[in-house]
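The values are calculated or read from the model by the stated rules, or taken from the named source; none is laboratory data. The shown structure was predicted, so the numbers you read here are calculated from the model rather than taken from an experiment. Cβ placement follows ideal geometry from the backbone for every residue including glycine, while neighbour counts extend to all protein chains displayed. Heads up: the accessible areas ignore ligands, DNA and RNA and are worked out on the full protein's heavy atoms, side chains in. Shrake-Rupley method; radii C 1.70, N 1.55, O 1.52, S 1.80 Å.
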Amino acid sequence: MSRFFRRWPLDRDHDELLEPSNAYSTPWGEPDHGPCDKCEGSGRARYRCRSCLERGAYRDCPACAGAVEFVATCPACEGDGTIDRTTRNGVSVFPSLEGLRRYLSEQDVEVTGCGVLVLDGELTGDVDLDADAGALLVQPTRVVGLCPLD
């Protein structure tokens, strides 16, 4: 079991994440199906672990094992060039607060009214749609706390 970080609206009850029926991840916005825009149909994507980019390569990093940047099977289309599975098993998280902050900044995500939920959890074995950014999927086992995002 490890500690993970997730953006969370301050006005929502964080205990809802502990319900197994809520432990799934979908894309922000509408789930797009069809040709993969992440790998342009090649089935391979460039991974850049935001956590290790921010804090330095960490060989025990659950997202990249210290590789930081590499090319592997596209997480969005799972290697076949077509996005057809957008609901994934687990809650989307980052292995470091720094990685989460960098990801949110790069995605230009609205963070007003949000904090960072700190979770303990176990990896589900499924692949996050944004695994190429260092995102992971976990089954949360405990909410450790909520801290400011900025």
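Numbers below:
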quantity	calculated
Average accessible surface area per residue within the chain, 1.4 Å rolling probe, Å²	53
Part-to-part distance (alpha-carbon centres) for segment 61-87 and segment 91-150, which is given in Å	17
Percent accessible area from carbon and sulfur atoms, segment 1-137, protein chains only, probe 1.4 Å	44
Dipole in debye (nearest 20) - the chain, about Cα centre, beta carbon charges: Lys, Arg +1; Asp, Glu -1	540
Nearest-ten-degree value, helix 97-107 long axis tilted from longest Cα axis of the chain	60
Selected from 23, 5, 45, residue furthest toward positive end of dipole (segment 1-60; charges at beta carbon)	45
Cut-off 20 Å (backbone N to label point 7 Å along Cα→Cβ of residue 21), residues of segment 87-109	87-92
Expected 222 nm ellipticity per residue - DSSP helices of 4 or more, -39500 (n - 2.57), all of the chain, to 500	-3000 deg cm²/dmol
Long-range HN-HN contacts of residue 79 with modeled amide H, under 5 Å	74
Most mobile listed residue (138, 68, 109) in the chain, GNM with C-alpha springs under 10 Å	109
Relative contact order computed over the chain (Cα-Cα under 8 Å; 6+ residues apart), in percent	35
